[in-house]
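Following: one structure in C-alpha cells, then a few remarks.
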Amino acid sequence: MKEPKEPMIEKNEPSSLKDAGGEELARAIYEVLDSKKARDIRILRVNDQTVITDYFVICTGNSTTQVKSLGDEVEYKLGLRGRDPIHYEGRNNGSWVVVDYASVILHVFSRESREFYQLEKLYGDAEEMMIESSDGESSSAE
C-alpha cells in the first residue's frame, strides 16, 4: 500500500503589483528599501503639490555602491511582481538615483545629495505616510 503524498506547500509568493495603485506601490518600495537597510525612508503624498506623480519615496544610501544597489534592488524586486519602471535615471551616478513608476517616484540619495536637494523641505506641505518597518516600529523613518 502506497503512503499518501504530503500536500505540496506553496511558497508565499508576493502578490502582483501590475495593477497596484500608488499607495500599494509605495509600500512595496518601502519594504524593499527597509530590507536592504536604506536610511531615513520617507513616503510623501505629493499629489496636491505636483501633477507628475502621487507619491515620492525618498531614502539615503550609506555609500555610492548602496545608492546604486538600492535602486537596482527595487527595480528587480518590483519587476518580479510584474511592475517595471517607466524610467531609471542616475544608474552610473553614485550620488542619486531616480526610479519612476508613474504614480510613485523613488529618490535614492547619498547623504550629501539629500542635504543639497532637500526634497522634504521643498514638498513640506505633503502628507507623510506612516509604515511599520521590519523591526516592528511604526514610522516613516528609520
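The values are calculated or read from the model by the stated rules, or taken from the named source; none is laboratory data. Quick caveat, the model's predicted, so the values are computed rather than measured. FYI the Cβ positions are ideal-geometry reconstructions off the backbone, even for glycines, and counts take in every protein chain you see.
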I'd like the full set of residues that are within 24 Å of Q66 (Cα to Cα) and touching a residue at least 40 places away in the same chain (Cβ under 8 Å), limited to region 114-127.
R114, L119, E120
Qualifying residues in region 59-94 (those that are touching an Asp or Glu at 6+ places or on another chain (Cβ under 7 Å) and crowded, with 16+ Cβ neighbours inside 10 Å) - the one nearest to Y30 (Cα to Cα):
C59
Going by what's in this entry, would F56 be described as closer than 19 Å to L44 by Cβ, surrounded by fewer than 14 Cβ atoms within 10 Å (Cβ to Cβ) and modelled with pLDDT of 95 or more?
no
Residues that are assigned to a strand (DSSP E or B) and touching a Pro at 6+ places or on another chain (Cβ under 6 Å): does region 105-124 have at least one?
no
Say whether the condition of being of a type in the set (D, E, K, R) and part of a loop (DSSP other than H, G, I, E, B) is met by at least one residue in region 59-79.
no
For Y30, only one of the following conditions fails: (1) without any contact (Cβ under 8 Å) to a residue 60 or more places away in the chain; (2) surrounded by 18 or more Cβ atoms within 10 Å (Cβ to Cβ); (3) part of a helix (DSSP H, G or I). What is its number?
(1)
